[in-house]
Amino acid sequence: MIAAATDENIRNAAKIIAAGGLVAFPTETVYGLGADAMNPIAAAKIFEVKNRPFFDPLIVHIPDMSWVGRLAADIHARAAELMKAFWPGPLTIVVKKNGTVPDILTAGLDTVALRMPSHPVALALLRYAGTPVAAPSANPFGYLSPTTAGHVEAQLGGSIDMILDGGPCSVGIESTIIRVDVSGITLLRAGGTPVEAIESVAGKISTAENSPAPQAPGQLPYHYSPHTPVKIIEDISEAVQPDSGLLSLYRPEDVKKFRSVEVLSEKGDLTEAAAGFFNCLHNLDAAGCGIIYALKLPEEGLGRAIMERLRKAAAKPI
Ligand code: AMP
Ligand code: MG
């Protein structure tokens, strides 16, 4: 089921996708569950396997710029500028779609979300498949995202055709999603490309909190949740329940009271913290704790994306 990402296995994976099957594959953000984006029946299987609601549109992954013109109706100059600055990489750009894009990918919206990933295995797979690949995270809808092939196998192993193993994901959290249209640039989801980096190219961007039509999973009431309840705390003294787990940026002094502790970055580096974030939560979820306490992180750089995910995880009803 898990296959090392050799050239031969990537070619086989591409054949599976071209034939309408499902392949989990590594990207720099998280592992994706890929299907031929131009084949609505193949794309429908993604929703079925993930138990994902059809109102939640999929990101379309492309290997080169030629596909932008083949999928988008028109490209705003600012979108083109951002593609040039951040692709390939963890930035998804929502643009007006053209008539060739199947409605199932876009939940009936007149826009499509495009991304060119930077992971060499993902790019090779897209090139060999010869078609854009729709791919959300390879996990059941609402659960922790997978950052290793083992995470995918544990959650979806029985129901997909192949898992390409390219090692742990380097960025570790999903792409940042922005929409670019005549009204400007709107952040729909914080993610692997820091907002500060986008603003250094494009100037101030607005956030979807102020936009009338929320459209990203980060805007659903809860998401990214482990089975164990999560509580965000500002100080370790707030962790009062016995048998608890702790997720922390730094290693705190007193860890004896916890059943299990996961440190995101010994040196407090937020990029390193993002890379290990989901794996740390997978570990805490497996440790049999009654609750996972998460110590607040600074909301700058990738800390903003991590905190967005922690708030969604903590919002799950117990
Ligand atoms: P993921 O579940 O990580 O694959 O992210 C997919 C998310 O991209 C969806 O939940 C949407 O919120 C966002 N997205 C995809 N297509 C569109 C679109 N056309 N307009 C707005 N957001 C989109
Ligand atoms: Mg997801």
key: Yes/no for A18 being open to solvent by less than 10 Å² (accessible area, probe 1.4 Å), among the hydrophobic types (A, V, I, L, M, F, W, C) and either touching a helix residue (DSSP H, G or I) at 6+ places or on another chain (Cβ under 7 Å) or on the phi > 0 side of the Ramachandran plot (or both)   = no
task = Quick one: count up the residues across the range 127-145 that are assigned to a loop (DSSP other than H, G, I, E, B), more than 9 Å from ligand 2 (Cβ to nearest atom) and either more than 23 Å from A286 (Cβ to Cβ) or open to solvent by less than 10 Å² (accessible area, probe 1.4 Å) (or both).
result = 5
message = Residue pairs, Cβ under 7 Å, 6 or more apart or interchain, first in the range 235-260 and open to solvent by 80 Å² or more (accessible area, probe 1.4 Å), second assigned to a strand (DSSP E or B) and at pLDDT 95 or above. List them.
response = Q241/I291; Y250/V263; R251/V263; R259/S244; R259/G245
note = Restricted to the range 273-287 and to residues being among the small types (G, A, S) and under 12 Å from H227 (Cα atoms), the residue least open to solvent (accessible area, probe 1.4 Å) is A287
note = Reported set for the range 288-314 where residues are part of a loop (DSSP other than H, G, I, E, B) and open to solvent by 30 Å² or more (accessible area, probe 1.4 Å) is G288, G290, K296, P298, E299, E300
task = Being open to solvent by less than 30 Å² (accessible area, probe 1.4 Å) and more than 27 Å from L270 (Cα to Cα) narrows it down to one of I160, I177, I185, I173, so name that one.
result = I160
query = How do the strands (runs of 3 or more DSSP E) wholly within the range 17-72 filter down when requiring 2 or more residues that are without any contact (Cβ under 8 Å) to a residue 40 or more places away in the chain and aromatic (F, W, Y): which remain?
reply = none
message = Can you tell me which of (1) over 19 Å from the mean Cα position of the chain (by Cα); (2) within 16 Å of ligand 2 (Cβ to nearest atom) is the one A124 doesn't meet?
response = (2)
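The values are calculated or read from the model by the stated rules, or taken from the named source; none is laboratory data. All figures in this text were calculated on a predicted structure; none of them were measured in a lab. Reconstructed Cβ throughout: ideal geometry from the backbone, glycine too, with neighbour counts over all protein chains shown. Accessible surface is based on the protein model in full, side chains and every heavy atom, while ligands, DNA and RNA are left aside. Shrake-Rupley method; radii C 1.70, N 1.55, O 1.52, S 1.80 Å.
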